[in-house]
Amino acid sequence: LSIQAKLDNAGLFVPQLPGPAELNLEVSQPTGRLGIDANLRATELSATATGALAEPEDRLSIEVNLARLSAFAPDLAGGARLSGDVSALRTTPVLNLTLRTDSGASARLLGLVAAGGQGTNLSVQGDLPLALAAPFVGDRSISGDVRFDLALRDALSLAALSGQVQMTGARVFAPIAN
């Protein structure tokens with residue numbers, strides 16, 4: 001299976017990413033395994049996913065590069081890169097993903113997500129600027145840094161979440177609506 005798609009203006013779907021975008025997707029079964037080769041290219045973004053997920057030793061490698069964080073969070077300079085892989089332990093997805101920014105901030109997600117949540121074992125650690133939340137806070141602004149070390153064990157619920165979150169220099173500006 002081969003799919004190619006071109007879009008003159010990706011900004012119609014993601015306003016922060018105006019300009020052309022192109023997707024190429026190849027799905028094959030050369031050795032009985034489902035192989036995936038996907039590439040997305042846009043003005044400010046590139047993404048690839050290559051590999052397979054049919055057998056326990058298979059991996060799908062992922063890399064996403066964003067040229068300018070300021071496209072989503074105006075107060076942040078430089079770009080960001082998400083990289084890692086997804087594998088399968090029987091039918092359970094296993095994640096190993098790392099996010100790094102040009103300014104040195106980073107986060108890592110590691111673990112498995114069990115079907116129905118029972119047996120889930122995820123951990124996420126990192127140190128990120130709070131300004132990454134800009135797209136979600138509307139006309140408010142937030143600054144400072146957050147350091148976190150969290151774990152989700154045995155269920156996909158808030159009760160199964162444990163760990164620490166520390167903020168430094170946190171400031172929130174919330175204008176009064178008239």
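The values are calculated or read from the model by the stated rules, or taken from the named source; none is laboratory data. Note that the structure is predicted; figures quoted are calculated from it, not measured. Neighbour counts are summed over all protein chains in view; Cβ atoms, including those assigned to glycine, are modelled from backbone coordinates with ideal geometry.
Could you list all residues from the stretch 19-45 that are small (G, A, S), surrounded by fewer than 15 Cβ atoms within 10 Å (Cβ to Cβ) and closer than 30 Å to P129 by Cβ? Spell out the reasoning first.
Within the stretch 19-45, the subset small (G, A, S) is 19, 21, 28, 32, 35, 38, 42.
Next, only the ones that are surrounded by fewer than 15 Cβ atoms within 10 Å (Cβ to Cβ) stay: 19, 28, 32.
Passing the criteria: only G19.
In this structure, is A159 aliphatic (A, V, I, L, M) and surrounded by 15 or more Cβ atoms within 10 Å (Cβ to Cβ)? Quick ask: steps written out before the conclusion?
Numbers: aliphatic (A, V, I, L, M): yes; surrounded by 15 or more Cβ atoms within 10 Å (Cβ to Cβ): no.
No; evaluated as a whole, the condition is false for this residue.
For the list (1) over 29 Å from S143 (Cα atoms); (2) part of a strand (DSSP E or B); (3) not polar (S, T, N, Q), I need the number of the one condition that E63 fails.
(1)
For the stretch 71-85: of the residues being surrounded by 16 or more Cβ atoms within 10 Å (Cβ to Cβ) and at pLDDT below 90, which is farthest from P18 (Cα to Cα)? Steps first, answer last, please.
Of the residues in the stretch 71-85, the ones surrounded by 16 or more Cβ atoms within 10 Å (Cβ to Cβ) are 71-73, 76, 79-80, 82, 84-85.
Next cut, at pLDDT below 90 only: 71-73, 76.
On the way: A71: 10, F72: 12, A73: 15, L76: 18 Å.
Per the stated criteria, the residue is L76.
Being hydrophobic (A, V, I, L, M, F, W, C), farther than 17 Å from V94 by Cβ and at pLDDT 90 or above narrows it down to one residue among L109, L132, L128; which is it? Give the steps one after another, and end with the answer.
On the way: L109 fails: farther than 17 Å from V94 by Cβ; L132 fails: at pLDDT 90 or above.
Answer to the check: L128.
Report, by residue number, each residue of the stretch 105-144 that is in a strand (DSSP E or B), over 15 Å from the mean Cα position of the chain (by Cα) and among the hydroxyl-bearing types (S, T, Y).
Answer for the stretch 105-144, where residues must be in a strand (DSSP E or B), over 15 Å from the mean Cα position of the chain (by Cα) and among the hydroxyl-bearing types (S, T, Y): S141, S143.
Starting from residues that are among the polar types (S, T, N, Q) and outside any strand (DSSP E or B), keep the ones in the stretch 1-54 and report whichever is modelled with the highest pLDDT. Outline the logic, then answer.
Within the stretch 1-54, the subset among the polar types (S, T, N, Q) is 2, 4, 9, 16, 24, 28-29, 31, 39, 43, 46, 48, 50.
Restricting the remaining residues to those that are outside any strand (DSSP E or B) gives 9, 16, 29, 31, 43.
Values: N9: 94, Q16: 88, Q29: 82, T31: 73, T43: 90.
Checked the stretch 1-54; the qualifying residue modelled with the highest pLDDT is N9.
Being loosely packed, with under 15 Cβ neighbours inside 10 Å and modelled with pLDDT under 90 is the filter here; which residues of the stretch 55-70 pass it?
Within the stretch 55-70, E55, P56, E57 meet the criteria.
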